[in-house]
Amino acid sequence: MRRLTLIKVLEYYDVPQILMATDAMGTRYLCTLFAAPDNNVMTGYQYIGVQISEPRLLAFLGGQLDLREAYLFPEVDNAIYLVVAKDETLEATRLLQNNEISEAMLPDAGYYFDASDLVDDGDSDIDTYQLEVPIHDRRTFSTLVSRMGWRVLSLMNKSGKVAVL
C-alpha cells in the first residue's frame, strides 16, 4: 500500500469525485470516484487512480486531455491503482491489472476539466486565479510566473484564459 497525500479536490458532489494526490516519492495521481457496490463512508470510497506526470496533469487541468483518455492510455505500464479514502486517509491499496479495470470504473468519455470549476475547500494553501493574457504577452507572462514560483495550468487555451496556481 502507498499512502497518498491529497493535493486538491478538483470536483466535488456530495463527496470528492475527482482529486489530485501525491505519494512520498512525489509521484502524482489523478483519482476518480467510481460506483462500487460498497462505496460508502464505512468501508471507504473507492477511486481509480492513475500515476500522471506534471505535463500531462497540466494538460488535463488546462482542458486539453479527456479524463477517460488519462486512464485508457497511461504514460507507463502498471500505473493504475485502486485508491481508497477512509477516515481522512488516502491509500493506493493495490495495482490494478488491465483485466481488472471494468467499464464501470472508468469515467465517461468527453470530460474535459475547466479550471474555473476548481473547488475552494478552504483547507488548501493553493490559490487559483484565472487571468486573460493576450497571445503576444504569453512568453513574458510565463517568465514572470516561473520567477515568482507559481505554476501555470495552461497557456495554450484558445480563449486566452490562464489558470495560475
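Applying the Karplus parametrisation 6.51 cos²θ - 1.76 cosθ + 1.60 with θ = phi - 60° to the phi angles of the stretch 9-25, what ³J(HN,Hα) value in whole Hz is obtained for each residue in order, glycine and proline being reported as x?
7, 8, 9, 10, 8, 6, 9, x, 9, 10, 8, 10, 9, 9, 9, 5, 8
Using the basic label-point model (7 angstrom from Cα toward the beta carbon), what is the K86 to A109 distance in nanometres?
3.5
Using the basic label-point model (7 angstrom from Cα toward the beta carbon), what is the R3 to R94 distance in nanometres?
Taking the two extended label points, one gets 2.2 nm.
Does the stretch 2-113 classify as rounded, prolate or oblate by the C-alpha gyration tensor (a ≥ b ≥ c root eigenvalues; a/c under 1.5 gives rounded; else a/b over b/c gives prolate, otherwise oblate)? Display every interim value, and only then the final one.
On the way: a/c = 1.28, a/b = 1.23, b/c = 1.05.
The shape class here is rounded.
With the cut-off at 1.5 for a/c, could you classify the stretch 59-100 from its C-alpha gyration tensor as rounded, prolate or oblate?
On the way: a/c = 2.86, a/b = 1.33, b/c = 2.15.
Oblate, since a/c reaches 1.5 and b/c is not below a/b.
Normalised by the residues of the stretch 2-113, what does the relative contact order come to in percent, with Cα pairs under 8 Å and at least six apart?
26
What are the GluC sites (Glu not before Pro) within the stretch 27-97 that DSSP puts in a loop, where the Cβ has at most 12 other Cβ atoms within 10 Å?
Values: sites: E69, E75, E88, E91; in loops: E75, E88.
When the GluC sites (Glu not before Pro) of the stretch 27-97 are filtered for loop state and at most 12 Cβ neighbours within 10 Å, E75, E88 remain.
Where a number appears in this text, it was derived from the coordinates with a stated rule and is not lab data. In this text the structure is predicted, and so the values were computed from the model without any measurement. Because the Cβ atoms are built from the backbone with ideal geometry, glycine has one as well, and the counts that use them run over all protein chains shown.
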